[in-house]
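Peer 1: Submitted below is the structure of interest, expressed as structure tokens.
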């Protein structure tokens, strides 16, 4: 990891022998994404806190998926840093085999999806409910299960009794963040994992760069038409990154 100075509010710890740094800006961004600008009472504040903690947990699990798989594949892991809207796993050396690199990249989204699945199960599960709930759900057509799921009675086939509202929110928000962030991160554009996976499969960086530019620009125009200004900024940034990658690619090719 780089040695640039950080705020005294930077959280530092180590897990599984891997150093981790969480910069304060990451909490600020997560709070803003969770609706911090619209807080008017204690319930709103609790919802923002739940979103921030769930988002941070998803980011950490994602990065540890990269780090632990990379280490198992022969890479030397320097550490993990969470900053802004995402995280970075730094490697002193990459996995020696191409397959090892591919699975190191893939492990991040898979770890987040796995966490989302676990949270989804917990969302509808309490002690003593599982066996009866699974039998109950298997006897119902999916058209009948969906309304009950929306009422928080059946979730992923598990029947549950009412649980505290904030706990329900914690499970649901964590599940949604894990699923949606993982799916977004698998889009075939740089610097997302989907772009790296496609480049590794094709052994070619040009195709992901072009696809990334087209996808991010196209989605950015759609977001602009819909008035989704925050998404416009994110997608515009991704389009710029892919444009820069293209410039580097052609500059090196010209040499």
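The values are calculated or read from the model by the stated rules, or taken from the named source; none is laboratory data. Given the structure is predicted, the values throughout are model-derived calculations rather than measurements. Glycine gets a Cβ as well: all are built from the backbone with ideal geometry, and neighbour counts include every protein chain shown.
Peer 1: Can you tell me which residue within the stretch 1-34, out of those that are in contact with a helix residue (DSSP H, G or I) (Cβ under 6 Å, 6 or more places away or on another chain) and modelled with pLDDT under 85, is farthest from residue 77 (Cα to Cα)?
Peer 2: Step by step, filter the stretch 1-34, then rank; the result is 34.
Peer 1: Here is a further query. From the residues in the stretch 67-87 that are at pLDDT 90 or above and within 17 Å of the chain's Cα centre (by Cα), which one is nearest to residue 103 (Cα to Cα)?
Peer 2: Among those residues, the one meeting the criterion is 69.
Peer 1: Quick one: how many residues across the stretch 223-255 are surrounded by fewer than 13 Cβ atoms within 10 Å (Cβ to Cβ) and more than 21 Å from residue 84 (Cα to Cα)?
Peer 2: Qualifying residue count, the stretch 223-255: 11.
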